[in-house]
Amino acid sequence: MEFSLKLSKIKPSATMAMNAKAQELRAQGKKIVSLAVGEPDFNTPDHVKQAAIDAINDNFTRYTPVPGIPGLRDAAAGYFKTFYGVESGPETIIITNGGKQSLYNIFTALLNPGDEVLIPAPYWVSYPDMVLLASGDPVIVPTTQESGFLTSPEELDKYWTPRTRILVLNSPSNPTGCTYPKDKLDAIAAWAVERNILVVSDEIYDQLVYPPAEPASLSPWFAKYPEHFAICNGLAKSFAMTGWRVGFCMAHPDLIKAMNKIQGQQTSNICSIAQKAALAALTGSFEGVKVMREAFERRRDLALSIISAWPGVHCVKPDGAFYLFPDLSTFYNDAVTGSADLAKIILEQAEVATVPGVAFGDDRCVRFSYAVADEVLTDALNRVGEVLTRL
Ligand SMILES: Cc1ncc(COP(=O)(O)O)c(C=O)c1O
């Protein structure tokens, strides 16, 4: 069969490939523990599930407006008011099929062939491929461990060209967990305004920031310069709702209209029942979020203490999300030439699934998710440590 040129440019998801390999080994009877997961190991809160059950019983099962039911768009706007003091109306909000569709909508709405998108590395696996699918050119901006995997106006300037249209920022980050402090975020925002580009701020982990760090959002910059900022968020990580597929985006009303046009020809509204669940989540108690945040903070410390004790290993201490991204390149040699080889050895010998850093644009590192129970995490990391010290 002959496929499109676009398809030939994109890679299959590395996370999916690792999951497939883990499944294969499980089928052979191996007890694989997955630290490759990108979702909380908690259940969706009961009041959110109940709202969905009520929606079904009330026959709230028909098409809704493409950008979401009005109450939910208001609630998403209210989220930015509650957490970041930003006043905005429903005309600045679209509800999408996960945070992912907000990103696709934006890239599709704005990019023409030859337009460049700055993506600081390590980056979430999907950004470059999403840009390619939207006919843009991803431009990777490397960061260092010394800078805590954070970029800066000086670094961005090295990669900026007159074709640069968008900068993608992700804080807290998948895969590093690193979180921009407000002053660093402000400096980048000011640079973007000066350079006349749009910052797509993926803030999907903003509820999972560990004290003393504080969540910093670019939404106050959106309030001042709506043409320069689009803020993407969703309920997958904060409310353990990965399967429900609810994302939301705050952007200039013209961009929202363009995203609405694309979504209307693509998927229409997101599931009506999931919208009612999301409404209950955003307008109800955030107690469940707090419980998860405390558990993740404890596990971050637990996992970091084990990983930091591995000989020659350096791991930046992250302030958010639920990933650690240690540099394991000290274990590379003629037979183990990079993170893909190392992740394969870890999977086969320690029976632990991870994601090789090469998938996130940094081949020195391997991503470990700590969204698993404390005992499982301890046992799995100890097994990895034993395998590494034998190398
Ligand atoms: C950084 C980042 N952005 C966006 C998403 C997409 O989230 P959703 O499941 O809401 O599409 C993920 C999911 O892993 C992510 O890690």
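A short reminder: the numbers here are calculations on the coordinates, not readings from a lab. None of the values given here were measured: they were computed from a predicted structure. Cβ sites come from the backbone with ideal geometry, for glycine too, and all protein chains shown count toward neighbours.
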Query - Peptides ranked, highest mean first, by Cβ atoms within 10 Å: ranges 3-9, 17-23, 209-215 - result: 17-23, 209-215, 3-9
Query - Folded to 0 to 90 degrees: helix 272-283 orientation relative to the chain principal axis, Cα - result: 80
Query raised in the report: Compactness ratio of the chain: Cα Rg over 2.2 N^0.38 Å, N = residue count?
Result: 0.98
Query raised in the report: For the stretch 155-249, what proportion of DSSP beta bridges, expressed in % and rounded to the nearest 5, is antiparallel?
Result: 25
**Report entry** Degrees separating the helix 70-84 axis from the principal Cα axis of the chain, which is the longest one
**Finding:** 60
**Report entry** Estimated inter-spin distance, V376 and T267, nm [label 7 Å along Cα→Cβ]
**Finding:** 2.6
Report task. Give me the lysines in straight-line cross-link reach of K158: C-alpha distance below 30 Å, same-chain residues under 8 apart excluded. Result -> K6, K9, K11, K100, K182, K184, K224, K317
Report summary line: quick note, the chain, DSSP beta bridge pairs, % antiparallel (nearest 5) is 45
Requested in this report: Multiply the residue gap between K182 and I140 by 0.36 nm, knock off their C-alpha separation, and tell me the result in nm, one decimal place.
Outcome: 12.8 nm
Requested in this report: Go through L208, P253, L218 and say which Cα lies farthest out towards the positive end of the charge dipole of the stretch 61-283; charges sit on Cβ, +1 for Lys and Arg, -1 for Asp and Glu.
Outcome: P253
Query - Angle between the chain longest axis and helix 253-266 axis [Cα atoms, degrees, rounded to 10] - result: 70
Query raised in the report: Extension gain E91-N43, at 0.36 nm per residue separation less the Cα-Cα distance, in nm?
Result: 14.1 nm
Query raised in the report: Out of the stretch 111-179, which GluC sites (Glu not before Pro) are coil in DSSP terms and have no more than 13 other C-beta atoms within 10 Å?
Result: E146
Requested in this report: Considering the options T164, F296, Q266, tell which one lies farthest towards the positive end of the dipole of the chain, charges being +1 on Lys and Arg and -1 on Asp and Glu at the Cβ, about the Cα centre.
Outcome: Q266
Query - Estimated [θ] at 222 nm from DSSP helical runs (n ≥ 4, -39500 (n - 2.57)) normalised by residues in the chain, nearest 500 - result: -13000 deg cm²/dmol
Query - Sequence-distant residues sharing a close amide H with V199 (under 5 Å, placed H) - result: L167, F229, A230
Query - Among 378-391, 236-249, the order from most to least packed when residues are scored by Cβ within 10 Å on average - result: 236-249, 378-391
Requested in this report: Find out how many positive minus negative residues lie around Y225, taking Lys and Arg as positive, Asp and Glu as negative, among other residues whose Cβ is under 13 Å from that of Y225.
Outcome: -1
Query raised in the report: lysines near K290 by alpha-carbon distance under 16 Å, same-chain residues fewer than 8 away left out - which ones?
Result: K237
